[in-house]
1. Condition first: under 30 Å from G570 (Cβ atoms) and among the small types (G, A, S). Can you find one or more residues in the stretch 50-64 that meet it?
2. Of all residues in the stretch 338-374, how many are of a type in the set (G, A, S) and either crowded, with 19+ Cβ neighbours inside 10 Å or within 25 Å of F252 (Cβ to Cβ) (or both)?
3. Looking for something polar (S, T, N, Q), at negative phi and at pLDDT below 95 - is there at least one such residue anywhere in the stretch 152-165?
4. Tell me, please, whether a residue that is under 30 Å from M659 (Cβ atoms) and either surrounded by fewer than 23 Cβ atoms within 10 Å (Cβ to Cβ) or not charged (D, E, K, R) (or both) can be found in the stretch 509-524.
5. I'd like the full set of residues that are surrounded by 22 or more Cβ atoms within 10 Å (Cβ to Cβ), in a loop (DSSP other than H, G, I, E, B) and among the aliphatic types (A, V, I, L, M), limited to the stretch 265-302.
6. Name the residue that is farthest from V518 (Cα to Cα), counting only residues in the stretch 550-605 that are surrounded by fewer than 20 Cβ atoms within 10 Å (Cβ to Cβ) and hydroxyl-bearing (S, T, Y).
7. Contact list please: Cβ distance under 7 Å, first residue in the stretch 154-167 and of a type outside the set (D, E), second residue assigned to a helix (DSSP H, G or I) and open to solvent by 30 Å² or more (accessible area, probe 1.4 Å), pairs at least six apart or on different chains.
8. On the given criteria, is E335 open to solvent by 50 Å² or more (accessible area, probe 1.4 Å), modelled with pLDDT of 95 or more, in contact with a Lys or Arg (Cβ under 8 Å, 6 or more places away or on another chain) and acidic (D, E)?
Amino acid sequence: MATTTANPDTAPAGVDTAKKLGLLPEEFDRIKEILGRAPNFTELSIYSAMWSEHCSYKNSIKQLKTLPRSGPKLLAEAGQENAGLVDIGDGWACAFKIESHNHPSAIEPYQGAATGVGGINRDIFTMGARPIAQLNSLRFGDITKESRSRWHMRGVVKGIGDYGNAFGVPVLGGEVYFDPCYTTNPLVNAMSVGIVRTDKVISATSHGKGNPVFIVGSSTGKDGIHGASFASKDITDTSMDDLPAVQVGDPFMEKLLLEASLELAETDAIIGMQDMGAAGITCSTSEMSAKGEAGMDIHLDRVPTRQEGMRAWEILLSESQERMLVVVKKGREAEVKAIFNKWDLNCVEIGTVTDGGTLRYFMHDELVAEVPAESLVLGGGAPVYERTQKEPAYIKENKKFRIADVPEPDDLKAVAFDLLASPNIASKQWVSEQYDTMVRTNNMSTNAPSDAGLVLVRETGKGLAVTVDCNGRYVHADPYTGAMIAVSEAARNIACTGGEPCGVTNCLNFGNPYDPEVYWQFAQVIKGMGDACRAFETPVTGGNVSFYNHTVTEQRNIPVFPTPTIGMVGIVPDITKRMSLHFKQKGDLIFLLGKPVEDVACSEYLVRHHKIDRSPAPYFNLKEEKRLHTMLLMLIRKGLINAAHDISEGGLWVALVEMALPGSLGFDVITDSEFRPDAYLFGEAQGRAVVSVDPDHEDDFLDLMGASRVPCVLLGHVTQGKLVVDDQRFGMVDDARRVYEEAIPKVMREP
């Protein structure tokens, strides 16, 4: 490619410019080797975005490739399409994915969260699937002490609610956790789930010389430029200077784009389609071309823009929302334009497909950049690194923990009610009530709450059970075991709902990968996640890695807890045999399933009441976990239980209260005298669930449990409204409700 200094965008660029754009000197040398010359500024900007951590996964891909990527229901090669795709039977497939929008949300919570919701939904409908459910996993600092954390939470929740409600997809579930490590760098992970006919799936590919390339949807502006690069560095005291990197969303425009895209999917007029997320036009043109082993000639001056005088690199790197790239079959242009005109959306031909795998970008007929598509993408020419690992010293400290060193509380009732007031355990209704959970009327779990969100697939009569799960404290304490617990809890939630897990998507949130201790955490998490996913036969269909969640100031250098959020989808074959978590009738028997263990490690009780934050992950056994899930499904399908709820944060006590509240029924239970009462009630040992059984079914229930290898203990029975533990009256259901439901609203009323 010939370059000229008349245009600064096409003038040769040096290593100093490369470093300013976030590239390493050795990466600059590699770019020169690929091109056979020095890159110009526009080309260097392209590589800066595509070789950023956010786009290239250069510090994580080697580890990610060890995850299980195949399974009986998998329909798309993991990571090769806009979202994961699994077969749900009857000619239908489920498309699902989770991604982070952490850095934008840290500095502009409202738009950061809103555009995260918009982006993940586009990944779904770009495949021809209609989104039918949303979930989110959120992490903030201590809202009881930090006004900044309350500011983050208000903005993020409102951004998710405003965008999702206007777009018209229900929020089926999620999780919210609080810890000081997330004070400056909150985590905002958004998941979307959609359904599509298996014969109508659209691929993110490009091929066929001469086929036209269209940009559709919104106009291109200067918002989001260098957003991918911004997401690939630490949050610092000067991060507010990067505010222009935060995108601005328009949910009403996205709704139009959804309907136009699904109408387009009903035709056979297109070769491929891809969302414009990180790195905008650069990413979509390079990834589609590389996948189809083709090239493109793109005329940037034809791109509809919001501002006059936008430069070539600004158009290429803009991350303006609600845009997609579509490769159309030659001769079908008028048909495609008619669809987007109907929905009053831009539909402009900006280029053509070429042979040879080269991307050429023009501005007013001047060639401003020329690069091989393969050199830009994950698995192609993008660099791959293996970083240094070092086990943190605190891991050995955690192993020194002994429960005998923890004093038993004098007043169990006071501790129990204080736990209900913990923001990590208390009702998240303050959050969920800002979301539309009933739009499209497919949500089966709003009025009958279950451990996983449940959405009806009307076309098949089946249900999809969906959940997001991760306890970052467990993962921090023991990354390998903590990651296995995250996968297992997701599978347990689906089993408690009556579903069988069929696939996983993940959002891996970590600190700086150049920190050996952080990279050790990452490698251990991948190992644990892989082992658990293989055990549950749930392939990892794709997801997102978010590094640099690492607050850097002059005084402190604090990574967030390693937080590998697991998004899991399961199938409920018969929607009439779904299971909810709440007690149904007075007199039902309450049973504890799973191995009883005297363990308070890593529990909310240990941290909140005893201020002990050095302990290992809670008890966990993968084989026992799998046996529990199998038994839960058998009990549900045989109609032998009336309710099922897993034991997680807060232990048995919190599980019982959460089962009591929806129906305003109480419980009378007895703890095991061989265990410390605080451990029995508040310990968070894994692989356990609580079920309720009609006395008329007790014999059949016990016969089935007796033939299994899953321990089963009668705890007590459901009462009219009293909460009784070991013959001590802890209070009434309404007493627990007031504490549980008022804790977060009370805090959020503070300035």
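1. Within the stretch 50-64, one or more residues are under 30 Å from G570 (Cβ atoms) and among the small types (G, A, S).
2. Within the stretch 338-374, the subset of a type in the set (G, A, S) is 338, 351, 356-357, 369, 373.
Now narrow it down to the ones that are either crowded, with 19+ Cβ neighbours inside 10 Å or within 25 Å of F252 (Cβ to Cβ) (or both): 338, 351, 369, 373.
Number of matching residues: 4.
3. First pass over the stretch 152-165, keeping only residues polar (S, T, N, Q): 165.
Retained after the next criterion (residues that are at negative phi): 165.
This time we only want the ones that are at pLDDT below 95, so: 165.
Among the residues of the stretch 152-165, at least one is polar (S, T, N, Q), at negative phi and at pLDDT below 95, which makes the answer yes.
4. From the stretch 509-524, those under 30 Å from M659 (Cβ atoms) are none; that's our starting set.
Looking through the stretch 509-524, none of the residues is under 30 Å from M659 (Cβ atoms) and either surrounded by fewer than 23 Cβ atoms within 10 Å (Cβ to Cβ) or not charged (D, E, K, R) (or both).
5. M276, A278, A279, A294
6. T576
7. Partner pairs satisfying both residue conditions: G155/Y110; K158/Y110; G159/Y110; G159/Q111; A166/F252; F167/K255.
8. Numbers: open to solvent by 50 Å² or more (accessible area, probe 1.4 Å): yes; modelled with pLDDT of 95 or more: yes; in contact with a Lys or Arg (Cβ under 8 Å, 6 or more places away or on another chain): no; acidic (D, E): yes.
Here the answer is no, as E335 does not meet what is asked.
The values are calculated or read from the model by the stated rules, or taken from the named source; none is laboratory data. This structure is a prediction, so every number in the text was calculated from the model and none was measured. All Cβ positions, glycine included, derive from the backbone under ideal geometry; neighbour counts span all protein chains shown. Calculation scope for accessible area: heavy atoms of the full protein, side chains included, ligands and nucleic acids excluded. Shrake-Rupley method; radii C 1.70, N 1.55, O 1.52, S 1.80 Å.
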